[in-house]
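The values are calculated or read from the model by the stated rules, or taken from the named source; none is laboratory data. Since we're looking at a predicted model, the values are computed, not measured. Here Cβ is always computed from backbone atoms with ideal geometry, including for glycine, and neighbour counts include all displayed protein chains. Keep in mind that these areas ignore ligands, DNA and RNA; they rest on the heavy atoms of the full protein, side chains included. Shrake-Rupley method; radii C 1.70, N 1.55, O 1.52, S 1.80 Å.
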Amino acid sequence: MKNQRSQADPIRLEIEALQNQLQEKRPFAEQILQSGPLLPVAVGFMTGLVLQNYTNLPLLLWLSILSVLAGGTLCIGKIRGQIRRLQVLFLSAGLAAAAAGAVRLKLFQIPSPPDIRRKMASAASLATLEGMILTEPHIEDRRQWVFAKYQWTPPSTSFLLAVEKALTTDGWQRACGTLAVSVNQPVRTLSAGERIRFHCTLQKLPPPDNPGMVDYGKTLAAQGIFLTAEIPGPEAIERMPWDKKGRQLAGIQQFRSRIAQSLRAWGGDYEEFSSLPDALLLGKRSGLNTTIQTAFRNTGLAHFISLSGMHVGILAGIFWQAGRVFGISKRFRAALCMLLLLAYALLVPPRAPTLRAVVFAQFFLLSVLLGQQPRPLNTLSLTAVVLLMFRPMDLFTAGWQLSYASVAGILFFYEPIFFNLFRLCLKIPFYPALSESFVGSSVCVLLESVLKLLSVGYAAWLGGAGILLYHFSSFTPLSALWTVLLFPLVFLVLLTGFLKILLLPLLPTAAAVCSVPLDRVSDAFCFLTIKIADANILSFQIGRVGLYVVLLYYVWLAFVRGLSAGTKWKSALLWTGTALLLLLPAAVRFSRLLSTDFKLTCLSVGHGLAIVGQCPGGQTFLFDTGSITRKNPGSRIVVPFLLQ
């Protein structure tokens, strides 16, 4: 029976390919509205956020638009023709969502009366505050900086704090808001959930003073953090009694610490890569050294250390299969997976890809629990609206954009890529003969899995290539191929790591056994990633790319995907655009070689000097004497400028 099932696989896939081709002949708008009726709402909501962010229109205007649309919906039922009625309905929904998005961003940016922003001066000011520590205090790690031992200031301590009270001329008053707090000395006695009272300097984060630097002000503003507090030292901090909320937060932090200790137990034979499981499973990327981080960036494999759908999918698959082994019903398994994924979300950092993957999985499992057929595009649109309602500024961050663009690329381009690759396999002379034997059919199944993984990788790359070009100036067309080659190692790291965490409380000996393959596979994965990065095959850092190029790229993608199958110019347009995309790095570099100007840039490094000269013909030289006031100016200032 297994042989017959495998032998029928080519026929089944060919039938699916034909069905997909027939489906593509329908209008693209009809396909989208059938598979994702919430997509116009999500697009409208994001459009409203963009318009409000760059125009800052008054709140009354958006509320008026919502009122007019609310009244206009009463007249939709009088429109003749079902198709025209649906068009008007979706257009009205998109406009209403745009107005709602603009209103949400406006309310997000306006501080409430007790907000700490209303209690500080326009410039940096002294303040005495009281609040609860939200994150575990982090002591600065300077091991990646070769000159760290010559830095005369001690390492600083940083954490996030929820403000509760502020001392004013009228005494202590209630306050709210979240602060990014830094202490100028290492403090090892504080913990998450603890309430403290302290003296500090309140200020806004200044914008980056060099091209290419990370704008930490925008990054924190996306999380609702608009101010920083600088504490001169531990003597300016007074510890307050614990409360119930603080004890709950401390319990969650202890849970995270125990899981991290479980993952490190009986491990760490390879000191250079011992922190890789922490990054892959728990999202703790700070322990990765510069070599492996650079290798991930140059190969386009940084998505492996960004907790996203792959990690959540593997974890949910482990739970799902375990429930099947124990005979648990499908709906109960879905409910159990929802609870366990929520626990995993509390365990890892709340980054945009992780939140998207967890919320997406929650809605998907909810549809299974309710016995409904899930719609991936509709679920993705719903997760986008839900997450942006809570954190609207995430839309303007690279992580959010890359996460959703990659998933959208998979949903729109996976099937066409896979079926076209499969048609090429069917043309291989010996392929039909393979399916006639048990070994050959196993090879066919393996080949089909490889093609699916390759198709997913390239579909995700197509969706995220424009975002990578705009934010990171990188172009890595072979990243999908490297993903296929290294995915088995990543899967083994995630599988053994999750099993080790789950088995440690119940079967410590089995958990200790899992440490051996976990260390070996982690070492092999890092070794191969570094070797691929050193080979530098079709990996380009082409510098800053204009927004118009990125928009043109996505217009081309949408136009090609929107054309019906069998359209006369579709194939020519597809291959022409692909060729132009592959020639983009050479074109950008050639345009810079034509420059006849000499450009001299003096970077702001504090008490020090760093000058970059760009000569006609593309030659660049750097004169750098370091800095005695800026920490790690090479990695934080010079290298980002050279890469942008």
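Near CYS337: Cβ cut-off under 13 Å, other residues only, Lys/Arg at +1 and Asp/Glu at -1. The net charge is +4. Taken about its Cα centre, the stretch 254-412 carries a charge dipole of about 480 debye when Lys and Arg each add +1 at the Cβ and Asp and Glu each add -1 at the Cβ.
In terms of accessible area, using a 1.4 Å probe and ignoring ligands and nucleic acids, TRP556, TRP400, TRP152, TRP172 rank largest first as TRP152, TRP172, TRP556, TRP400.
Per residue, the average separation of C-alpha pairs within less than 8 Å and at least 6 apart gives the chain a relative contact order of 14 percent. The angle separating the long axis of helix 479-503 from the principal Cα axis of greatest extent in the chain is about 70 degrees.
The H on the amide N of GLY626, modeled in the peptide plane, is under 5 Å from the matching H of LEU609, each at least 5 residues off or on a different chain. Using the rule -39500 (n - 2.57) for each DSSP H run of four or more residues, divided by the residues of the chain, the 222 nm mean residue ellipticity is -19500 deg cm²/dmol. Each residue of the stretch 630-638 was assigned a 3J(HN,Hα) from its phi angle through the Karplus expression (A = 6.51, B = -1.76, C = 1.60, θ = phi - 60°), giving 10, 7, 6, x, x, 6, 8, 10, 5 Hz with x at Gly and Pro. Given contacts defined as C-alpha pairs under 8 Å and at least six residues apart, what's the relative contact order of the stretch 167-266, whole-number percent? The normalised contact order for the stretch 167-266 reaches 39 percent. Taking Cβ atoms as reference points and 15 Å as the exclusive limit, the residues near LEU355 contribute a net charge of +2, counting Lys and Arg as +1 and Asp and Glu as -1. Accessible area per residue for the chain is 53 Å², calculated with a 1.4 Å probe on protein heavy atoms, without ligands, DNA or RNA. Which FRET efficiency, nearest 0.05, do THR219 and VAL439 yield, Cβ-Cβ r, R0 51 Å? It comes to 0.45. All C-alpha pair distances within the chain, sorted into 10 Å bins from zero, spread as 3, 12, 21, 27, 21, 11, 4, 1, 0 percent across the bins. The long axis of helix 2-24 is offset from the longest Cα principal axis of the chain by roughly 80 degrees. Checking the table LYS245/LYS284; LYS284/LYS631; LYS330/LYS427; LYS106/LYS599 against a 30 Å threshold on Cα-Cα, which pairs fail? Violating the 30 Å Cα-Cα cut-off are LYS330/LYS427; LYS106/LYS599. For the stretch 389-534, just say rounded, prolate or oblate: build the C-alpha gyration tensor, square-root its eigenvalues into a ≥ b ≥ c, call rounded for a/c under 1.5, and beyond that prolate if a/b exceeds b/c, oblate if not. Note, shape of the stretch 389-534 comes out oblate. Where in the stretch 472-500 does the amide nitrogen come within less than 20 Å of the point 7 Å from the Cα of LEU582, taken along Cα to Cβ? Under cut-off, by backbone N: 474-485. To the nearest ten degrees, helix 398-426 and the longest principal axis of the Cα atoms of the chain are 20 degrees apart. Each part gets one Cα centre, and for the stretch 453-510 versus the stretch 385-401 those centres are 23 Å apart.
Remark: the stretch 357-362, residue by residue, has Karplus-estimated 3J(HN,Hα) of 5, 5, 5, 4, 5, 4 Hz, where x stands for each Gly or Pro and the curve is 6.51 cos²θ - 1.76 cosθ + 1.60 at θ = phi - 60°. Extension gain for TRP242 to ASP597 (0.36 nm times residue separation, less C-alpha to C-alpha distance): 121.5 nm. Scattering from the stretch 449-582 was approximated by placing one identical point on each alpha carbon and applying the Debye formula without solvent; log10 I(q)/I(0) at 0.09, 0.11, 0.14 1/Å stands at -0.43, -0.59, -0.81. Quarter the surface of the alpha carbon convex hull of the stretch 285-412 and you get the mean projected area, 9.2 square nanometres. Note on the stretch 371-419: Cα convex hull, mean projected area over all directions, 4.5 nm².
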